[in-house]
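Participant: Handing you a structure now.
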Protein chains: 2
Amino acid sequence: MDELKNRALILNSRPNGYPDDSNFKLIEIDIPDINPGEFIVKVLWLSVDPYMRGRMSDKKSYAPSVEIGDIMVGGAVGKIISSRNSEFEVGDLVEGRFGWQEYAISNGSNARKLTIQEADISKALGVLGMPGLTAYFGLFSLGKPIPNDTVVISAASGAVGAVVGQLAKLAGCKVVGIVGSDTKASYIKDELNFDHAINYKKEDVCNRLLDLCPYGIDIYFDNVGGEILEAVLENLAFRARIVVCGQIAQYNLANDEVAYGITNFRNILTNQATVEGFIVSRFAPDFPQALSYLESLFIEGKLKTKEDITYKLENTPEALLRVLTGKNFGKQIVKIA
Amino acid sequence: MDELKNRALILNSRPNGYPDDSNFKLIEIDIPDINPGEFIVKVLWLSVDPYMRGRMSDKKSYAPSVEIGDIMVGGAVGKIISSRNSEFEVGDLVEGRFGWQEYAISNGSNARKLTIQEADISKALGVLGMPGLTAYFGLFSLGKPIPNDTVVISAASGAVGAVVGQLAKLAGCKVVGIVGSDTKASYIKDELNFDHAINYKKEDVCNRLLDLCPYGIDIYFDNVGGEILEAVLENLAFRARIVVCGQIAQYNLANDEVAYGITNFRNILTNQATVEGFIVSRFAPDFPQALSYLESLFIEGKLKTKEDITYKLENTPEALLRVLTGKNFGKQIVKIA
């Protein structure tokens, strides 16, 4: 592969607060010869997700940090251009944790072959990938919706939230989404068929929830934490379930900043509510079954999705910042090739 | 019953912060003739419990408030002195929600006959009553202990905490209790066989938990909330269970005080922990089975209990204040007759 050079983004320094370009460095490296069992993927699309901020920090978390000098982690889809693995052929479309680079070498353990058509492969990073699975297992395994439940979702137009809301509607629930702009509010109501939308930047979330959820909130799918979580805790139904999927409001604290303090934890007691944090990998054995359900909904047009596309590897840090500041509108991806 | 007068404590005003004597009023009333199906109980012991502070407030909670002018609610044990109910005879010992008064009229719906011997009937307000049941169901149904789990309990020498710890030891767990004095610390270690005790008034709870629970906390039985909850959240094990039984640190806020803010809610996500609030009445159908287990342990000497006794009805408000300020040592009861 002498003619090919790989370009990759490595972690250059740990951010204090929001990350910026200086935390990353673009490097150019040779692509080595591959060993038996390995294959080379030409990366077509990168996924950009809030959890990546956690990997840039050296705080203890559920997954190891990226070390300084290592290629940034993340999901991607691509096409195999060279293979010494009998299960993966040249031309196969694959999704895997290939990281922020233009070419990746894999032995297949971190990759899955895609069955969807090539025009839709970026969906394997969103609605038909990790975010879709996160929505599916968070809602069904933890939230346990029953028809007529009132479901509230924060970051509701995001990659996970948008799927949660559509699945909850299909399950017969009343769905209220919390978003950060009027455009996003219109999108989840008009395109995704949510019952109500709250723009937290303009409206008093606590009072609006009181109006919109007169019987209380049965399920809260929490992507953000902080003040919005506190507002939801004021409006719980008896035996409410709070699915803690993300706490994005707390991810970009500077070293000397303290996270928002939740003062109404007591409502968990008085409403006999359940709160559960989860990481989707817990459900890995059931991924194939869930993906097949999501794919069938997608093909039937019952599961809509919106992508927010940034172009070129070198703009991936900017794409991450868009996600962390809520500027993205739909699933944030980067077109690499 | 002309010769008998009943004396009762009614709610006189709602407290702002800690309650005091002015919030109650002692009244003397006639005991009316009873109707068919009713009986009269001479109250022997009153139970004093933290939840009573909640009933004095008009904030929405899981149970209705006591109205101004109403007799204060609470559990009690007594002996039947007159009966027109064929299932309850004169001389029977009963436990029920008889309130803060010397005589109570009941139709039996809020009473249970006691089988334990008369010398032990006050235990029906503690280890063999609501606090014991709260410990049992909170630990087993929500905490789901398995041998070698590390269990941390706040208010660990209290009526509920002391039972939780002993049951967890019997289930093969390692048990750490958090208490507010060295005397209580010695008690739970030396008398109740807890593995470790932390005196939160003298020690740094977070650091001590880190030392004592090197593999993290599997179960936290939370009776207090606030800063101690925050310290526990810093030391969770993977898939920890937090049983929210009480939030006593937050019960006596003055009207203008804000509860302690929990800033590390994110640890619930990263540890994939479960938090659940519960009120023991949820498990009412299973009370007989649980009581029979607790009674057998008690009779075998495997379940120890300590009572903190105040004398006379008129001192019940003072007994409540003892509980709310952690001055009680053991299950707080009041000897009425």
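Participant: Provide an ascending nm list, one decimal, of label-point separations from A:Asp286 to the equivalent residue in each further copy; define each label point as 7 Å from Cα along Cα→Cβ.
Facilitator: Output for A:Asp286: 2.2 nm, nearest copy listed first.
Participant: Counting each DSSP H run of 4 or more residues in the protein assembly as shown as -39500 (n - 2.57), what helix-only mean residue ellipticity at 222 nm follows after dividing by all residues, to the nearest 500 deg cm²/dmol?
Facilitator: -5500 deg cm²/dmol, from helical runs alone.
Participant: How many percent of Cα pairs in the range B:79-213 exceed 25 Å?
Facilitator: Of all Cα-Cα pairs in the range B:79-213, 41 percent lie more than 25 Å apart.
Participant: Same structure, new question: Mind giving me the nanometre distance, one decimal, between the label points for B:Asp21 and A:Lys113, set 7 Å out from Cα along Cα→Cβ?
Facilitator: Placing both labels 7 Å along Cα→Cβ, they lie 8.5 nm apart.
Participant: Taking 7 Å along the Cα-to-C-beta vector as the label spot, tell me the A:Ser292-A:Ala63 distance in nanometres, rounded to one decimal.
Facilitator: The two pseudo-label positions are separated by 2.6 nm.
Participant: Quote the accessible area belonging to B:Glu102 in square angstrom, nearest 10, computed with a 1.4 Å probe and with ligands, DNA and RNA left uncounted.
Facilitator: 40 Å²
Participant: Within a Cβ distance under 12 Å of A:Thr310, other residues only, what is the Lys/Arg minus Asp/Glu net charge?
Facilitator: My count for the surroundings of A:Thr310 gives +1.
Participant: Quick one: divide the alpha-carbon radius of gyration of chain B by 2.2 N^0.38 Å and tell me what you get.
Facilitator: Against the compact-globule rule of thumb, the ratio is 1.01.
Participant: Using a label point 7 Å beyond Cα on the Cα-Cβ vector, give me the inter-copy distances for B:Asp33 in nanometres, one decimal, shortest first.
Facilitator: With the label placed 7 Å along Cα→Cβ, B:Asp33 yields 11.0 nm.
Participant: Starting from the Cα of A:Glu257, step 7 Å toward the Cβ, then list every residue of the range A:298-337 with an amide N under 17 Å from that point.
Facilitator: Correct set: A:320-328.
Participant: Then there's this: Hey, rough spin-label estimate for B:Asp70 and B:Ala337, points 7 angstrom out along Cα→Cβ, what's it come to in nanometres?
Facilitator: Calculated label separation equals 2.4 nm.
Participant: Averaging over every viewing direction, what projected area does the convex hull of the Cα atoms of the range B:1-78 cover, in nm²?
Facilitator: Hull-based average projected area comes out at 6.4 nm².
Participant: Next question. Tally up the carbon and sulfur contribution to the accessible surface of the range A:130-281 as a whole percent, 1.4 Å probe, everything protein left in place.
Facilitator: Carbon and sulfur: 48 percent of the exposed surface of the range A:130-281.
Participant: Sticking with this structure for a sec: Given R₀ = 41 Å, what would the calculated FRET efficiency be for B:Arg7 paired with B:Asp120, taking r from the Cβ atoms and rounding to 0.05?
Facilitator: After rounding to 0.05, the efficiency reads 0.95.
Participant: Additional query: How large is the accessible surface per residue of the protein assembly as shown, computed with a 1.4 Å probe and reported in Å² as a whole number?
Facilitator: Accessible area per residue: 42 Å².
Participant: Okay, next question. For the interface of A with B, what's the total buried accessible surface in square angstrom, probe 1.4 angstrom, rounded to the nearest hundred?
Facilitator: By this definition, chains A and B bury close to 3000 Å².
Participant: Compute the distance from the alpha-carbon center of the range A:266-320 to that of the range B:71-113, in whole Å.
Facilitator: 55 Å
Participant: Need one value for B:229-239: mean number of C-beta atoms belonging to other chains within 10 Å of its residues' C-beta atoms.
Facilitator: Rounded to a whole number, the mean comes out at 1.
Participant: Still on this model: So what is the relative contact order for the range A:103-178, in percent, with contacts set as C-alpha pairs under 8 Å and at least six apart?
Facilitator: Relative contact order here is 28 percent.
Participant: State which entries of B:Lys42/B:Lys312; B:Lys113/B:Lys335; A:Lys113/A:Lys169 exceed 22 angstrom in Cα-Cα distance in the structure shown.
Facilitator: A:Lys113/A:Lys169
Participant: For A:Cys206 and A:Asp190 in one chain, what is 0.36 nm times their gap in residues minus the Cα-Cα distance, to one decimal in nm?
Facilitator: Full-extension gain reported as 3.4 nm.
Participant: Then there is this: What does the average come to when, for each residue of peptide A:255-267, you count the partner chain Cβ atoms lying within 10 Å of its Cβ?
Facilitator: For this peptide, the per-residue mean of nearby foreign Cβ atoms is 6.
Participant: Along the axis that rotates chain A into chain B, which residue of chain A has the nearest beta-carbon, and what is the gap in whole Å?
Facilitator: A:Gly261, 1
Participant: Would you kindly compute the Cα radius of gyration of the range A:231-282 and its largest Cα-Cα separation (Dmax), both in Å?
Facilitator: Here Rg and the maximum Cα pair distance are 13.2, 38 Å.
Participant: Going through the DSSP H helices of chain B, which span 15 Å or more along their own axis at the Cα atoms while scoring at least -0.5 as a mean Kyte-Doolittle hydropathy?
Facilitator: B:287-299
Participant: To the nearest 10 Å², what's A:Cys213's accessible area with a 1.4 Å probe?
Facilitator: Rounded to the nearest 10, that gives 0 Å².
Participant: Residues with beta-carbon under 11 Å from that of B:Arg241, excluding B:Arg241: net charge, scoring Lys, Arg +1 and Asp, Glu -1?
Facilitator: -3
Participant: On to the next question. In Å, the Kirkwood hydrodynamic radius of the range A:130-281 over pairs of distinct alpha carbons?
Facilitator: Result for the range A:130-281 stands at 15.1 Å.
Participant: Count the net charge of all other residues whose Cβ sits under 9 Å from the Cβ of B:Ala231, scoring Lys and Arg as +1 and Asp and Glu as -1.
Facilitator: Its environment carries a net charge of -3.
Participant: Could I ask something else about it? Work the Kirkwood hydrodynamic radius out for the protein assembly as shown: mean of 1/r over every pair of different alpha-carbon atoms, inverted, in Å.
Facilitator: So the Kirkwood estimate lands at 27.8 Å.
Participant: Starting from 0.36 nm per residue, how many nanometres of slack lie between A:Lys327 and A:Lys42 once their C-alpha separation is accounted for?
Facilitator: 99.8 nm
Participant: With an 8 Å Cα cut-off and a minimum separation of 6 or more residues, compute the relative contact order for chain A in percent.
Facilitator: Once normalised by length, the contact order is 18 percent.
Participant: Using a label point 7 Å beyond Cα on the Cα-Cβ vector, give me the inter-copy distances for B:Ala337 in nanometres, one decimal, shortest first.
Facilitator: Output for B:Ala337: 9.1 nm, nearest copy listed first.
Participant: Something else: Considering Cα pairs under 8 angstrom that are at least six residues apart, work out the relative contact order of the range A:130-281 and quote it in whole percent.
Facilitator: So the answer I get is 22 percent.
Participant: Right, another one. Need one value for B:273-281: mean number of C-beta atoms belonging to other chains within 10 Å of its residues' C-beta atoms.
Facilitator: 6
The values are calculated or read from the model by the stated rules, or taken from the named source; none is laboratory data. All values derive from a computational prediction rather than experimental measurement. Quick reminder, even Gly has a Cβ in these numbers, built from the backbone with ideal geometry, and neighbours come from all protein chains shown. Surface accessibility is based on the protein's heavy atoms, side chains included, excluding ligands, DNA and RNA. Shrake-Rupley method; radii C 1.70, N 1.55, O 1.52, S 1.80 Å.
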